[in-house]
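**Student:** Right, I'll just put the structure down here and ask away after.
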Amino acid sequence: MTIDARHHSPAGGLDVQPAVALRVAGLRVWYERRQVLDGIELAIPDKRITALIGPSGSGKSSLLRCLNRLNDEIAGFRMEGQVLLGEVDVAAGGTDVQELRRRVGMVFQRPNPFPLSVHDNVAYGLRLLGLRRGAELERRVEAALHAAGLWDEVADRLDGSALELSFGQQQRLVIARAIAVEPEVLLLDEPASALDPAATLHLEELLRTLAQRYTLVLVTHNMQQAARMADYAAFLDAGRIVEFGATDSLFTNPRERLTEDFITGRHR
Amino acid sequence: MDRLHLSQHISRRFGSEVEDLRREVLAMGGLVEEQLDAALAALARGAAIDAREIDARERRINAAELAIDEQCVLVIARRQPAASDLRLVLAILKMLNELERIGDEAKRIARIGERLVGQPSASDLETGMHALGTLALAMLHDALDAFVRLDEAPALATMHRDAEVDATWRRLQAMLIERMRETPDAIPAELDRLWCARSFERIGDHCKNLCESVLYIVHGKDVRHSGLAKPARA
């Protein structure tokens, strides 16, 4: 009898499957004639952190950007397939992109606060949604800054310029701006790559807390970060998903040789 | 054989660090094998052993354990190994412990062998003891071979031989008790032989654990307490 047939994990292999927040089906993407994603099938679990890992050019950022239609403005961009957010097909032509981006927020590699005050950065999205001023606006700005772990550091400088904050604070401010409009999903494209180790750990702590309320999709080149942070991980290579699974097993015992070579730093 | 593709690390230094670890474990395993072989020879010959040689070898085994242990810690701290690299380092940490204990048991057997010089026993007991010791030594050799090859089949086959060791130990135990009953004057010597037999049986268990570590490296599955040590029924 082989090991596979006789082995049972101590936990009995029971894992309650979380609900699905975003379902990607048959997704194919081209820039001009160059195909960058092919046949992507992915069920992103609700209120969990899912990491997209893979070498440069594997398509992970393209995939991330498809989830809230950030590729739309790129010349020659074309996509086929479905990206289902609940009942809504994000990829379909008639989608309200502004509403989509409220529901699916994005945090980039380098913090990109607007050249406004700390307060107005967080209030920006709320004002776009019609919440111009008043106690409700103030309450939601404060709540978002609290949730982003920034309130204590900026409470006495809300009117100061956001650009005067440290990089780590700016990145948390951008997160506060994204969550102020109560999204369902937060997309994070290497959010810690411009931060020092301490700011990175602060950010990771924050993301773990946010995962209790939001679905997080994280693109990272840092394997240790993916291993520390993510509940699930998808390994992409050459525009395809090679392997998707619980981070715990992907980083100790990947099923695919390609995944193994990537996460252990071997030549291919 | 490079079943772990250690030479394919992009960082050649990391690849050679892990390769060194593996080589040092095998060198330590070789020392433990020598120690067990010497203990077995001492028992079989009934001749005085070179105690200094046994002690010196034990010191080398202990030093190897500490050095490899420290090297594992450094690899974890510097490289944060993942997947098969992580499994190899974790398995080596466990294997060091098993090898060191086998070394201790071997030393104990050698010491008892020294006391038994000039204390003849029944021939069937001596035959049984030799059979048990030979089985334990073969298990150690085959467990180390399974580690060299990182192969499931020899690891499983070696684990299954622990049942044979256990059965031989039980037979020998019954024979020793019987002889003590019949010849009370022989009790001190036969008690010593009982300890030797018990040590061989423990060595079988440690070899089984070594094989479990090999299976963990190869498959990424912890097979402890899974019933895999028992041969499948025909």
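**Student:** Which of the numbered conditions does A:Gln224 fail, given that it passes all the others? Conditions: (1) out of contact with any Asp or Glu (no Cβ under 9 Å at 6 or more places or on another chain); (2) within 14 Å of another protein chain (Cβ to nearest Cβ); (3) modelled with pLDDT of 95 or more.
**Tutor:** Only one criterion is unmet by A:Gln224, namely (3).
**Student:** Would you mention how many residues in segment A:225-268 are in contact (Cβ under 8 Å) with a residue 24 or more places away in the chain, over 18 Å from A:Arg48 (Cα atoms) and basic (Lys, Arg)?
**Tutor:** So the answer is 1.
**Student:** Suppose we filter A:Leu250, A:Leu206, A:Leu173, A:Leu195 for residues that are closer than 30 Å to A:Gly26 by Cβ and either surrounded by 20 or more Cβ atoms within 10 Å (Cβ to Cβ) or away from every other protein chain (no Cβ under 11 Å) (or both); which single one remains?
**Tutor:** Checking each option against the conditions leaves just A:Leu250.
**Student:** Then there is this: Would you say A:Thr247 is over 26 Å from B:His9 (Cα atoms), of a type in the set (S, T, N, Q) and out of contact with any Leu (no Cβ under 9 Å at 6 or more places or on another chain)?
**Tutor:** Details: over 26 Å from B:His9 (Cα atoms): no; of a type in the set (S, T, N, Q): yes; out of contact with any Leu (no Cβ under 9 Å at 6 or more places or on another chain): yes.
Against the criterion (over 26 Å from B:His9 (Cα atoms), of a type in the set (S, T, N, Q) and out of contact with any Leu (no Cβ under 9 Å at 6 or more places or on another chain)), A:Thr247 does not qualify.
**Student:** If we keep just the residues of segment B:162-182 that are under 21 Å from the mean Cα position of the chain (by Cα) and surrounded by 18 or more Cβ atoms within 10 Å (Cβ to Cβ), which is farthest from B:Ile112 (Cα to Cα)?
**Tutor:** My answer is B:Asp162.
**Student:** Can you work out which of the residues in segment A:82-137 that are under 30 Å from A:Ala19 (Cα atoms), of a type in the set (A, V, I, L, M) and part of a helix (DSSP H, G or I) is modelled with the lowest pLDDT?
**Tutor:** Let us first name the residues in segment A:82-137 that are under 30 Å from A:Ala19 (Cα atoms), namely A:82-109, A:122, A:125-126, A:129.
If we keep only those that are of a type in the set (A, V, I, L, M) too, we end up with A:83-85, A:88, A:90-92, A:97, A:100, A:104, A:106-107, A:122, A:126, A:129.
Still in the running and part of a helix (DSSP H, G or I): A:97, A:100, A:122, A:126.
Working: A:Val97: 89, A:Leu100: 93, A:Val122: 96, A:Leu126: 93.
Looking at residues that are under 30 Å from A:Ala19 (Cα atoms), of a type in the set (A, V, I, L, M) and part of a helix (DSSP H, G or I), I get A:Val97.
**Student:** Applying the selection to segment A:73-96, what residues are loosely packed, with under 13 Cβ neighbours inside 10 Å and over 15 Å from A:Val36 (Cβ atoms)?
**Tutor:** A:Glu73, A:Gly86, A:Glu87, A:Ala92, A:Gly93, A:Gly94, A:Asp96
**Student:** Can A:Asp189 be described as more than 14 Å from chain B (Cβ to nearest Cβ), over 24 Å from A:Val29 (Cβ atoms), of a type in the set (D, E, K, R) and surrounded by fewer than 23 Cβ atoms within 10 Å (Cβ to Cβ)?
**Tutor:** Working: more than 14 Å from chain B (Cβ to nearest Cβ): yes; over 24 Å from A:Val29 (Cβ atoms): no; of a type in the set (D, E, K, R): yes; surrounded by fewer than 23 Cβ atoms within 10 Å (Cβ to Cβ): yes.
Taking the combined requirement at face value, the residue does not satisfy it.
**Student:** For segment A:66-100, which positions are touching a residue at least 24 places away in the same chain (Cβ under 8 Å) and charged (D, E, K, R)?
**Tutor:** A:Arg69, A:Asp72, A:Arg78, A:Glu80
**Student:** Let me ask something additional. Taking only pairs six or more apart or across chains, which ones have beta-carbon atoms under 8 Å, a first residue in segment A:186-211 that is closer than 12 Å to A:Phe108 by Cβ, and a second residue that is acidic (Asp, Glu)?
**Tutor:** A:Ala192/A:Glu204
**Student:** For segment B:136-156, name all the residues that are within 15 Å of the chain's Cα centre (by Cα) and either aromatic (Phe, Trp, Tyr) or farther than 21 Å from B:Leu96 by Cα (or both).
**Tutor:** Result: B:Phe147, single match.
**Student:** B:Gly118 passes all but one of (1) within 14 Å of another protein chain (Cβ to nearest Cβ); (2) surrounded by fewer than 19 Cβ atoms within 10 Å (Cβ to Cβ); which number fails?
**Tutor:** (1) is the only condition that B:Gly118 fails.
**Student:** Within segment B:130-146, can one find any residue that is of a type in the set (Ser, Thr, Tyr), farther than 10 Å from B:Ala197 by Cα and out of contact with any Cys (no Cβ under 9 Å at 6 or more places or on another chain)?
**Tutor:** Filtering segment B:130-146 for residues of a type in the set (Ser, Thr, Tyr) gives B:134.
Among the residues that remain, those that are also farther than 10 Å from B:Ala197 by Cα are: B:134.
Checking the rest, the ones that are also out of contact with any Cys (no Cβ under 9 Å at 6 or more places or on another chain) come to B:134.
Among the residues of segment B:130-146, at least one is of a type in the set (Ser, Thr, Tyr), farther than 10 Å from B:Ala197 by Cα and out of contact with any Cys (no Cβ under 9 Å at 6 or more places or on another chain), which makes the answer yes.
**Student:** If we scan segment A:253-263, do we find a residue that is assigned to a helix (DSSP H, G or I), within 30 Å of B:Arg13 (Cα to Cα) and more than 10 Å from every other protein chain (Cβ to nearest Cβ)?
**Tutor:** Our first condition is that a residue be assigned to a helix (DSSP H, G or I); within segment A:253-263, this holds for A:257-263.
Now drop any that are not within 30 Å of B:Arg13 (Cα to Cα), which leaves A:257-263.
Narrowing further to those that are more than 10 Å from every other protein chain (Cβ to nearest Cβ): A:258.
Checked segment A:253-263: at least one residue is assigned to a helix (DSSP H, G or I), within 30 Å of B:Arg13 (Cα to Cα) and more than 10 Å from every other protein chain (Cβ to nearest Cβ).
**Student:** Using the structure shown, decide if B:Ile68 is in contact with a Lys or Arg (Cβ under 9 Å, 6 or more places away or on another chain) and of a type in the set (Val, Ile, Thr).
**Tutor:** Working: in contact with a Lys or Arg (Cβ under 9 Å, 6 or more places away or on another chain): no; of a type in the set (Val, Ile, Thr): yes.
No: the conditions fail for B:Ile68.
**Student:** If you don't mind, another one. Looking for something within 14 Å of chain A (Cβ to nearest Cβ), touching a helix residue (DSSP H, G or I) at 6+ places or on another chain (Cβ under 9 Å) and free of Cβ contacts under 8 Å to residues at least 40 places away in the same chain - is there at least one such residue anywhere in segment B:84-107? I'd like the intermediate steps shown before the answer.
**Tutor:** Let us first name the residues in segment B:84-107 that are within 14 Å of chain A (Cβ to nearest Cβ), namely B:84-91.
With the extra rule that they be touching a helix residue (DSSP H, G or I) at 6+ places or on another chain (Cβ under 9 Å), the set shrinks to B:84-91.
Subset that is free of Cβ contacts under 8 Å to residues at least 40 places away in the same chain: B:86.
Yes, segment B:84-107 contains a residue that is within 14 Å of chain A (Cβ to nearest Cβ), touching a helix residue (DSSP H, G or I) at 6+ places or on another chain (Cβ under 9 Å) and free of Cβ contacts under 8 Å to residues at least 40 places away in the same chain.
**Student:** Turning to a different aspect of this structure: Run B:Asp185 past the list (1) surrounded by fewer than 21 Cβ atoms within 10 Å (Cβ to Cβ); (2) within 14 Å of chain A (Cβ to nearest Cβ); (3) acidic (Asp, Glu) and report the number of the one that doesn't hold.
**Tutor:** (2)
**Student:** Continuing with this model, one more query. Tell me yes or no: at least one residue of segment A:147-162 is out of contact with any helix residue (DSSP H, G or I) (no Cβ under 7 Å at 6 or more places or on another chain) and in contact (Cβ under 8 Å) with a residue 12 or more places away in the chain. Quick ask: steps written out before the conclusion?
**Tutor:** Going residue by residue through segment A:147-162, those that are out of contact with any helix residue (DSSP H, G or I) (no Cβ under 7 Å at 6 or more places or on another chain) are A:152, A:155-156, A:161.
Those left that are additionally in contact (Cβ under 8 Å) with a residue 12 or more places away in the chain: A:161.
Within segment A:147-162, one or more residues are out of contact with any helix residue (DSSP H, G or I) (no Cβ under 7 Å at 6 or more places or on another chain) and in contact (Cβ under 8 Å) with a residue 12 or more places away in the chain.
**Student:** Using the structure shown, decide if A:Val217 is under 17 Å from the mean Cα position of the chain (by Cα) and either assigned to a loop (DSSP other than H, G, I, E, B) or within 25 Å of A:Arg101 (Cβ to Cβ) (or both).
**Tutor:** yes
**Student:** Is at least one residue of segment B:68-76 part of a helix (DSSP H, G or I), surrounded by 17 or more Cβ atoms within 10 Å (Cβ to Cβ) and in contact with a Cys (Cβ under 8 Å, 6 or more places away or on another chain)?
**Tutor:** No, the conditions are met nowhere in segment B:68-76.
**Student:** Additional query: Please give the number of the condition B:Leu4 fails out of (1) aliphatic (A, V, I, L, M); (2) assigned to a helix (DSSP H, G or I); (3) within 13 Å of chain A (Cβ to nearest Cβ).
**Tutor:** Here B:Leu4 meets the rest and fails (2).
**Student:** Residues being among the acidic types (Asp, Glu) and within 14 Å of chain A (Cβ to nearest Cβ): count how many of those fall in segment B:7-60. Outline the logic, then answer.
**Tutor:** Quick first cut of segment B:7-60, residues among the acidic types (Asp, Glu) only: B:17, B:19-20, B:24, B:33-34, B:37, B:50, B:53, B:55, B:58.
Keeping just the survivors that are within 14 Å of chain A (Cβ to nearest Cβ) gives B:17, B:19.
Residues that pass the stated criteria total 2.
The values are calculated or read from the model by the stated rules, or taken from the named source; none is laboratory data. Because the structure is predicted, anything quoted here is derived from the model rather than measured. Don't worry about glycine lacking a Cβ; one is built from the backbone with ideal geometry, like all the others, and counts go over all protein chains shown.
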